[in-house]
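Student: Structure incoming, see below.
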Amino acid sequence: MSFLAILLLLAAQDNDHLLIKELSDSFQRRWTAAEESRNYKELLDLYAVAHDTKKGELTRPDPDVERWIPVTRVLAAKLASLPPAALEDHEIIARQVLETVLQPDERRKALDKYAYTKVGREALDLMANADCDQGRLPEAMRGWSRALEVRPSVETVARLAFAHSMKGDGVSLSALRSQAETRGIKGGLLVEGRRRELFEYLDSLQPGRRAPAEAAPLLQPEMAPTTEIPLGHYDLREDGRYGERLAVSLPAFGRANGKDLVVVSNGLRVTAVAPARAEGGAVDEAIEWRFPKSGPTRTWTLGTYNSVALPYVGVTVAGNRAFCPMFPERQEARQQLGRRQQRFLGPSVLRAIDLGSGEAIWDTDTVMVETGGSRVALTEYLDLDKSDFCFGGPPVVRGDRVYAPVMTSPFSGRHCWVLCLDARSGQPVWCTDLGTAPQTKEMSVALLAEEEGTVVLSTNYGVLAALDSATGAFEWLVKYMGARPKRSQHRSAASPPVIAGSLVYVLTQDCDELLAYDRWTGVEASLPKLSQEIAWNDVVHLIGRVDEWLVFSGPRNLALRPLDGQVLNLPEAEPGYRFGRGTIDGGRLYLPSRNELSVFDTRTWKQVESLKWPDPTGPGNALIAGPYFVHMSDRLDLY
């Protein structure tokens, strides 16, 4: 057997051991038997059972593709293809229900239930059209995507395409065209009274492409941060040690009581610094507050084993609150590993702290939840109290909702959840289990992104999933390891997914190349042929998106335009060295390395500055905080 064949076999076996909540084999056999015997009543009865009792279960629309969506969506598409006579009674029921259910949230549920009927699909189209007319484009695109999933039509493809063009999203438009070709959706349609062929119409919507060199140079901001004026530093190792030299602390910037604040944490203590009061050297006089006041929760962590990747710590600032994953004062392993000692316990407490005073508001260790007439601890309510869980990094906060990635120690079997809490009280809104993978010695750091009603989580152990931000319900789940044997030993840092229009991009720890999926359905989006080959094992971070470009850093720094596959090499950093995350702000890309800070104009991708560090520094994460530049390694440096 060849080496490649062995890798394929091992990857496939590993993928088979990724456990998710799938539809049972017995139910699928009953459905298949009813299909083969054309027992339409049995099919409709089974659909009703699935809708009422199996909403959280997933199944594959195509048994040959590692993509799962909610079972009711798969079955609705199958029912939609039945002869009209088989659905006559249900068309009447659907019409009666939809004439009476008008409250928007309840109506959406009814539309999901009756999407297999013609009446339901027409109502779904009308609601999506109304969402579009009222400026709710993400809701409209979700509705049209559901309609396309159940009953493909050129009109629905055209509506989605027009929505992409309204957002100037040529990449998503190209991906939609490719999907239509693959599914054989073609034909004519009327556009403003004129008959157009579908693909000719899609091509006419494609925005023009512009070479980056044609863009006018961006003017230097009046208050551009610089490393030439050191304002001071603060050594976080004085507050305990975690993830030294691994750049796992993410700083944040906020404003409270009329003051700019830079807030940092190593998971053991949180410190807020007023950079306007920093005068060089140690910033002790510029410290606004610390939490805890008396000292760190403790000075050590059970996480110093030999690993190139650890969960992130740090801060998310939203409004007048700072949200921080932290280590508890006492932490003991909950899961038995035979005779072996648990080798990793991560930051298992999420705290909300008042940004102005530094006082604790709530934390996940002390929040109590009312259930069944009694009060129980949040971790018990979520069934996490017997798990060696921790948070994968600082949460994402949107309004009054906190979205946090939850993961377990790899030594006790990898497991991931997405937890949504009320930002004001810490009370649970929803918690979704994404499944498990076998134990390993490699750390898989769970990270998420949220945009316009969609949460996407990367487990970094072979599973990606998209959830509805409001309910936590699955939109889709994919496994990517089975057909992808080309993996480096382990990417040395995790990157959150990037949601760009109707596509999701993920650079995972356990797969070399970039992955791309349709945001609404999870269908894999093929990237165009790249203008040059990328050595993905030299790429550490997916930093983010600038217009139609994706930006990556590591030993190799580059910008990639998914629209046409153009790759632009940015000056490379010193190879073989640990790298922190850069940042994009104000038309500038900031890439920190051991010796210098490189600054690029994101319109031309030309390097505009190369700033040497005043003192030698370790790998760190960059942040632009108003007129200040923040470099967060094992110590905080302000410029």
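Student: Out of everything in the range 590-606 that is in contact with a Leu (Cβ under 8 Å, 6 or more places away or on another chain) and closer than 16 Å to residue 629 by Cβ, what residue ends up being modelled with the lowest pLDDT?
Tutor: Looking at the filtered set, the residue picked out is 596.
Student: Can you tell me which residues in the range 444-463 are of a type in the set (Gly, Ala, Ser), modelled with pLDDT of 95 or more and surrounded by fewer than 24 Cβ atoms within 10 Å (Cβ to Cβ)?
Tutor: Correct list: 449 only.
Student: Can you confirm whether the range 572-593 contains a residue that is of a type in the set (A, V, I, L, M, F, W, C), touching a strand residue (DSSP E or B) at 6+ places or on another chain (Cβ under 6 Å) and farther than 17 Å from residue 544 by Cβ?
Tutor: no
Student: Determine, yes or no, whether residue 564 is surrounded by fewer than 21 Cβ atoms within 10 Å (Cβ to Cβ) and under 21 Å from residue 447 (Cβ atoms).
Tutor: no
Student: Identify all residues within the range 432-452 that are in a strand (DSSP E or B), of a type in the set (A, V, I, L, M, F, W, C) and closer than 18 Å to residue 394 by Cβ; write none if there are none.
Tutor: Scanning the range 432-452 gives 447, 448, 449.
Student: Right, another one. I'd like the full set of residues that are assigned to a loop (DSSP other than H, G, I, E, B) and touching a Lys or Arg at 6+ places or on another chain (Cβ under 9 Å), limited to the range 21-36. Talk me through it step by step, then tell me what you get.
Tutor: Going through the range 21-36, the residues assigned to a loop (DSSP other than H, G, I, E, B) turn out to be 21, 23-24.
23, 24 - these are the residues of the range 21-36 that are assigned to a loop (DSSP other than H, G, I, E, B) and touching a Lys or Arg at 6+ places or on another chain (Cβ under 9 Å).
Student: Just wondering, is there one or more residues in the range 498-512 that are assigned to a loop (DSSP other than H, G, I, E, B), surrounded by fewer than 20 Cβ atoms within 10 Å (Cβ to Cβ) and touching a helix residue (DSSP H, G or I) at 6+ places or on another chain (Cβ under 8 Å)? So that I can check it myself, show each step before the final result.
Tutor: Taking the range 498-512 as the starting set, the residues that turn out to be assigned to a loop (DSSP other than H, G, I, E, B) are 501-502, 507-512.
Narrowing the set further to residues that are surrounded by fewer than 20 Cβ atoms within 10 Å (Cβ to Cβ) leaves 512.
Applying the additional criterion that residues be touching a helix residue (DSSP H, G or I) at 6+ places or on another chain (Cβ under 8 Å) yields 512.
Yes: the range 498-512 contains one or more residues that are assigned to a loop (DSSP other than H, G, I, E, B), surrounded by fewer than 20 Cβ atoms within 10 Å (Cβ to Cβ) and touching a helix residue (DSSP H, G or I) at 6+ places or on another chain (Cβ under 8 Å).
Student: Quick one: would you say residue 600 is over 18 Å from residue 309 (Cβ atoms), free of Cβ contacts under 8 Å to residues at least 60 places away in the same chain and not polar (S, T, N, Q)?
Tutor: Numbers: over 18 Å from residue 309 (Cβ atoms): yes; free of Cβ contacts under 8 Å to residues at least 60 places away in the same chain: yes; not polar (S, T, N, Q): yes.
Criteria met by residue 600.
Student: Okay, next question. For residues that are assigned to a loop (DSSP other than H, G, I, E, B) and either in contact with a helix residue (DSSP H, G or I) (Cβ under 7 Å, 6 or more places away or on another chain) or β-branched (Val, Ile, Thr) (or both), scanning just the range 260-286, find the one that is farthest from residue 324 (Cα to Cα).
Tutor: Among them, the one singled out is 278.
Student: Same structure, new question: Would you confirm whether or not the range 44-56 contains a residue that is over 28 Å from residue 430 (Cβ atoms), free of Cβ contacts under 8 Å to residues at least 12 places away in the same chain and of a type outside the set (Lys, Arg)? Steps first, answer last, please.
Tutor: Residues of the range 44-56 over 28 Å from residue 430 (Cβ atoms): 44-45.
Restricting the remaining residues to those that are free of Cβ contacts under 8 Å to residues at least 12 places away in the same chain gives 45.
Checking the rest, the ones that are also of a type outside the set (Lys, Arg) come to 45.
Yes, the range 44-56 contains at least one residue that is over 28 Å from residue 430 (Cβ atoms), free of Cβ contacts under 8 Å to residues at least 12 places away in the same chain and of a type outside the set (Lys, Arg).
Student: Only residues that are in a strand (DSSP E or B), closer than 29 Å to residue 146 by Cα and not small (Gly, Ala, Ser): list them for the range 518-545, please.
Tutor: Selection gives 518, 524, 545.
Student: Could you tell me whether residue 584 is assigned to a strand (DSSP E or B), closer than 22 Å to residue 498 by Cα and touching a residue at least 60 places away in the same chain (Cβ under 8 Å)?
Tutor: no
Student: So, one more: Condition (residue is part of a loop (DSSP other than H, G, I, E, B), surrounded by fewer than 17 Cβ atoms within 10 Å (Cβ to Cβ) and in contact with a His (Cβ under 9 Å, 6 or more places away or on another chain)) applied to the range 609-619: is it met by at least one residue?
Tutor: yes
Student: Are any residues in the range 260-302 surrounded by fewer than 15 Cβ atoms within 10 Å (Cβ to Cβ) and closer than 16 Å to residue 354 by Cβ, and if so, which ones?
Tutor: 293
Student: Moving on to the next point. Looking at 197, 149, 139, which one is over 23 Å from residue 475 (Cβ atoms) and charged (D, E, K, R)?
Tutor: Sole residue among the options that is over 23 Å from residue 475 (Cβ atoms) and charged (D, E, K, R): 197.
Student: Which residues, counting only those in the range 182-209, are part of a loop (DSSP other than H, G, I, E, B) and either touching a His at 6+ places or on another chain (Cβ under 6 Å) or within 16 Å of residue 160 (Cβ to Cβ) (or both)?
Tutor: 185, 186, 187, 206, 207
Student: I've got another one for you. Taking the range 433-443, which residues are at pLDDT 90 or above and surrounded by fewer than 22 Cβ atoms within 10 Å (Cβ to Cβ)? Break it down stepwise before answering.
Tutor: Applying the first criterion (at pLDDT 90 or above) to the range 433-443 yields 433-434.
Result: 433, single match.
Student: Could I ask something else about it? Pairs needed: first member in the range 181-205, farther than 24 Å from residue 149 by Cβ; second member anywhere, at pLDDT 90 or above and of a type in the set (Lys, Arg); C-beta distance under 9 Å; at least 6 residues apart or different chains.
Tutor: 204/196
Student: Going through the range 111-137 one residue at a time, which ones are over 17 Å from residue 150 (Cα atoms) and of a type in the set (D, E, K, R)?
Tutor: 131, 133, 136, listed by residue number.
The values are calculated or read from the model by the stated rules, or taken from the named source; none is laboratory data. Not measured: the values here are computed from a predicted model. So basically every Cβ, Gly included, is an ideal-geometry build from the backbone, and we count neighbours across all protein chains shown.
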